[in-house]
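Okay, structure first, notes after.
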Amino acid sequence: AQTVTQSQPEMSVQEAETVTLSCTYDTSENNYYLFWYKQPPSRQMILVIRQEAYKQQNATENRFSVNFQKAAKSFSLKISDSQLGDTAMYFCAFQGAQKLVFGQGTRLTINP
Amino acid sequence: AAGVIQSPRHLIKEKRETATLKCYPIPRHDTVYWYQQGPGQDPQFLISFYEKMQSDKGSIPDRFSAQQFSDYHSELNMSSLELGDSALYFCASSPQGYASGNTIYFGEGSWLTVV
């Protein structure tokens, strides 16, 4: 079974700083997809960014980018120029031939 | 753009009662997923449907059942409710099943409180 591990339960940075959230996963599959979801205090689950495993190029969405290291099974999220609205729980998720599996989450706080 | 619609948004039930949650997927999405998120927990997969057939099953209690209807909406039925069933229940949808790699979009969730 696939597992997703987020080793940072909580992180806190100042507004405008850059922060990187870590995620590792374990799978024997070769074709899969990786996601970062954001869950603000409203508890809505919002897609931040998506990466296809067969693509070597790291995905980027405005201030959000990933560092995808397939051999190391690592998928970190970098948030540049962090904003107060980025404060949320961030979940890394893996999707292979079966269901979407989430990591334990990282609670990110952006301080003014 | 249309999103996944869940109802009701909040529900309070007593122990041993029954509850039904409804989910309306994004138009043209044929796959529906149900997740349960307890306090301070990550979402746990319950069950999924593709083209009105159950496609995968996770840690769903026997007291729970679900189905997807001809219009692709789905309902999660929970009976003999227990205090531990109190959680946020997410419905999500995607086109063509999860193996296709299409992004799964989540609804805003239904809060169930069992007292």
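Here is how the numbers come out for the structure above:
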{"read-out": "Count of residues meeting criterion [β-branched (V, I, T) and either open to solvent by 40 Å² or more (accessible area, probe 1.4 Å) or facing chain A (nearest Cβ under 9 Å) (or both)] in the range B:58-115", "value": "4"}
{"read-out": "B:G40, sole failed condition from (1) more than 14 Å from the chain's Cα centre (by Cα); (2) over 24 Å from A:A93 (Cα atoms)", "value": "(2)"}
{"read-out": "Unmet requirement for B:R28, which otherwise passes all of (1) away from chain A (no Cβ under 14 Å); (2) surrounded by 13 or more Cβ atoms within 10 Å (Cβ to Cβ)", "value": "(2)"}
{"read-out": "Residue check for A:S42: small (G, A, S), in a loop (DSSP other than H, G, I, E, B) and closer than 24 Å to B:G38 by Cβ", "value": "yes"}
{"read-out": "Test set (1) of a type in the set (K, R); (2) surrounded by fewer than 19 Cβ atoms within 10 Å (Cβ to Cβ); (3) over 19 Å from A:M11 (Cα atoms); (4) facing another protein chain (nearest Cβ under 9 Å) - A:K55 fails condition number", "value": "(4)"}
{"read-out": "Scope the range A:9-34; condition at pLDDT 95 or above, open to solvent by 40 Å² or more (accessible area, probe 1.4 Å) and in a loop (DSSP other than H, G, I, E, B); matching residues", "value": "A:P9, A:E15, A:A16, A:E17, A:T18, A:S22"}
{"read-out": "Hits in the range A:79-112 - residues which are open to solvent by 40 Å² or more (accessible area, probe 1.4 Å) and in a strand (DSSP E or B)", "value": "A:R107, A:T109, A:N111"}
{"read-out": "Meets criteria (open to solvent by less than 50 Å² (accessible area, probe 1.4 Å), assigned to a strand (DSSP E or B) and in contact with a Leu (Cβ under 8 Å, 6 or more places away or on another chain)) for A:F68", "value": "yes"}
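The values are calculated or read from the model by the stated rules, or taken from the named source; none is laboratory data. Worth saying up front: this structure is predicted, and the values here are computed from it rather than measured. Reconstructed Cβ throughout: ideal geometry from the backbone, glycine too, with neighbour counts over all protein chains shown. Accessible surface areas use protein heavy atoms only, side chains included; no ligands, DNA or RNA. Shrake-Rupley method; radii C 1.70, N 1.55, O 1.52, S 1.80 Å.
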